[in-house]
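See below for the structure under consideration.
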Amino acid sequence: LKEGDVFTSVTDWEMEDVKYFQNTINNNSTLGKPELFQSDSNINYSQFNAVIDIRRKVINFVIKNTLPLGIFTTIGIIMLFLPLHRFDVGQMLGLIIPTVFVQMNLDNSLPEGIGYTTVLDYAFYLFYSFIVAKVLIFTICHAQHIKEETIKTIYGKFRMIAPSVIILFILGFAWRYD
């Protein structure tokens, strides 16, 4: 298979190993013939098997599928360090809309029948949670009855917690799928 360049058109996968072996299996079927019902009807079949181990090129996959999300997340984190009075909810919507389109495009590129939640979906959910939390913090901080010192404390803690959670998610992803 390696000599025949079978996997050259599939650029995200590489062949690790190929194993060939043969064996026989035994079938006690009468093949539906009534005259064989009471007989010893062992039928041996010879098999030739091939096991092909393939591995996804993770770097290509990660760059291709997570780069847009990484860029949006980086922009969102940079926006955390803008002064709170310069923040606008519309800025967050400006991040959510393209992210939704990127996620929909990735979901549509999956093969038919994959209805379960993928790891990339969890990354998108984390990003959406980050945006919702930022809007919630913004809303809380702009309430009329909250003191300026409390606002600075809440926003300061969020500036530390949000990037930390994102970094922990990335490290957990890298550790789990290495």
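The values are calculated or read from the model by the stated rules, or taken from the named source; none is laboratory data. Predicted, not measured: the structure shown is a model, and the values here were computed from it. Cβ: placed from backbone, ideal geometry, glycine included. Neighbour counts: every protein chain shown. Ligands, DNA and RNA are stripped out before the accessible areas are found, and what is left, the full protein with its side chains, is counted by its heavy atoms. Shrake-Rupley method; radii C 1.70, N 1.55, O 1.52, S 1.80 Å.
Kindly report the accessible area of the chain per residue (heavy atoms of protein chains, probe 1.4 Å, no ligands, DNA or RNA), in Å².
Working: 12810 Å² over 178 residues.
Solvent-accessible surface per residue comes out at 72 Å².
Separation between the V58 and E16 pseudo-spin-labels, each 7 Å from Cα along Cα→Cβ, expressed in nm?
Taking the two extended label points, one gets 1.1 nm.
For the chain, how big is Rg over Rh, using alpha carbon atoms and the Kirkwood form of Rh? Show your work: numbers first, answer last.
Numbers: Rg = 27.7 Å, Rh = 21.5 Å.
Computed over Cα atoms, the ratio is 1.29.
Given the options S41, S109, S129, state which has the largest fluctuation in a GNM of the chain using a 10 Å cut-off (strictly under) for Cα springs.
S41
What size of dipole, in debye to the nearest 20, comes out for region 19-121 about its Cα centre when the only charges are +1 on Lys and Arg C-beta atoms and -1 on Asp and Glu C-beta atoms?
Values: 7 positive and 7 negative charges, 89 e Å.
Computed about the Cα centre, the dipole is about 420 debye.
Which residues does the label zone of N105 cover in region 38-76, counting backbone N under 16 Å from a point 7 Å along Cα→Cβ?
Only 61-73 fall inside the zone, counting backbone N under 16 Å.
In region 109-150, carbon and sulfur make up what percent of the accessible area (probe 1.4 Å)? Intermediate values should be presented prior to the final figure.
Numbers: 1750 of 2800 Å².
Accessible surface attributable to carbon and sulfur in region 109-150 totals 62 percent.
Mind checking the full-extension length gain between A174 and M160? Use 0.36 nm per residue of separation minus the Cα-Cα distance, one decimal, nm.
On the way: separation 14, 0.36 × 14 = 5.04 nm, distance 2.15 nm.
Extra length from A174 to M160 when fully extended: 2.9 nm.
Can you tell me how much longer the chain between V132 and A50 gets when fully stretched, taken as 0.36 nm per residue apart minus their C-alpha distance, in nm with one decimal? The partial results should precede the final answer.
Values: separation 82, 0.36 × 82 = 29.52 nm, distance 5.01 nm.
Gain on extension, V132 to A50, equals 24.5 nm.
For the chain, what number of Lys pairs, 8 or more residues apart or on separate chains, have alpha-carbon atoms under 24 Å from each other? Walk me through the numbers on the way to the answer.
On the way: K2/K19; K2/K57; K19/K57; K134/K147; K134/K152; K134/K157; K147/K157.
Here the count comes out as 7.
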